[in-house]
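Remarks on the structure that follows.
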Amino acid sequence: MRIHKSVVTPLGVLTLASEEGALRGVYPGVPDPASDHGLGRIVEEGFEEAERQLEEYFAGTRCCFELELDIRGTDFQRQVWAEVSAIPYGQTCSYKALAVRLGDAAKARGVGAALSRNPLNIVIPTHRVVGSRGALTGYSAGIDSKRFLLEHESSAGTAALRIQCAGPAGVPA
């Protein structure tokens, strides 16, 4: 069964969507109730763990998420999202460097296209991918949201968390 719930965060309202108990989407804003958004029915319960982990992330006490996910995308998109998930908390990577990690620098635009289709904002941290010179380019939730998330992760208040999560894939040591 598909269900969704909107939650208020320091970033603004986010809509969490799941199917059969697995988180499949974290979207900015509230879906239009008049449209067929495919998110299922609105619920008040069922997202407690995702909400708790998002609260910890925004409180600066969590660098990565440990949730059951339903990740849907092409093979290439899933490869890109997996590689993005390996970018350590508080660090960034360029589109080109990400494409090189995937085996072909010429795929930088394809990487950007895959990032724009990431259904799990924040959980799959596509906000950590920047332009070659560090420019904040492209983010499905908007550049201001990207800036907010990067500033949050690099703030003085999260310094200890950055050190703790500097291991492989940002997993706490």
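The values are calculated or read from the model by the stated rules, or taken from the named source; none is laboratory data. Bear in mind the structure is a predicted one, so any value in this text is a computation, not a measurement. Note that each Cβ is placed from the backbone with ideal geometry, even for glycine, and that neighbours are counted across all protein chains shown. For accessibility, only protein heavy atoms count, side chains too; no ligands or nucleic acids. Shrake-Rupley method; radii C 1.70, N 1.55, O 1.52, S 1.80 Å.
How many nm is it between the label spots at GLU56 and SER6, if each spot is 7 Å from the Cα in line with the beta carbon?
2.7
Probe radius 1.4 Å, ligands and nucleic acids ignored: give me the carbon and sulfur share of the accessible area of the chain as a rounded percent.
Accessible surface attributable to carbon and sulfur in the chain totals 52 percent.
Under the definition of Cα pairs under 8 Å and six or more residues apart, what whole-number percent is the relative contact order of segment 67-160?
28
Per residue, how much accessible surface does segment 20-78 expose to a 1.4 Å probe? Answer in Å², no decimals.
About 61 Å² of surface per residue is accessible.
Pick from ARG101, ARG162, ARG128 the residue whose mean-square fluctuation is largest in a GNM of the chain, springs joining Cα atoms under 10 Å.
ARG101
For segment 74-173, what is the convex hull volume of the alpha-carbon atoms per residue, in Å³?
Given the Cα convex hull of segment 74-173, per-residue volume reads 91 Å³.
Using only the Cα atoms of the chain, what do you get for the radius of gyration and for Dmax, in Å?
15.7, 46
Could you tell me the relative contact order of the chain? Use alpha-carbon pairs under 8 Å, at least six residues apart, and round to a whole percent.
22
With the Cα gyration tensor of segment 11-51 in hand, give its eigenvalues times 5 under a square root as the equivalent ellipsoid semi-axes, listed largest first in whole angstrom.
16, 13, 9
Pick from VAL130, VAL30, VAL111 the residue whose mean-square fluctuation is largest in a GNM of the chain, springs joining Cα atoms under 10 Å.
VAL30
Top to bottom by accessible area (1.4 Å), largest first, where do ASP104, ASP75, ASP36 land?
ASP36, ASP75, ASP104
Identify which of ALA160, ALA22, ALA97 has the largest mean-square fluctuation in a Gaussian network model of the chain, with springs joining Cα atoms closer than 10 Å.
ALA160
Calculate, for HIS37 and ARG78, the FRET efficiency according to 1/(1 + (r/R0)^6) with r their C-beta to C-beta distance and R0 25 Å; round to the nearest 0.05.
Efficiency at R0 = 25 Å is approximately 0.65.
If you take every DSSP beta bridge fully contained in the chain, what fraction is antiparallel? Give it as a percent rounded to 5.
65
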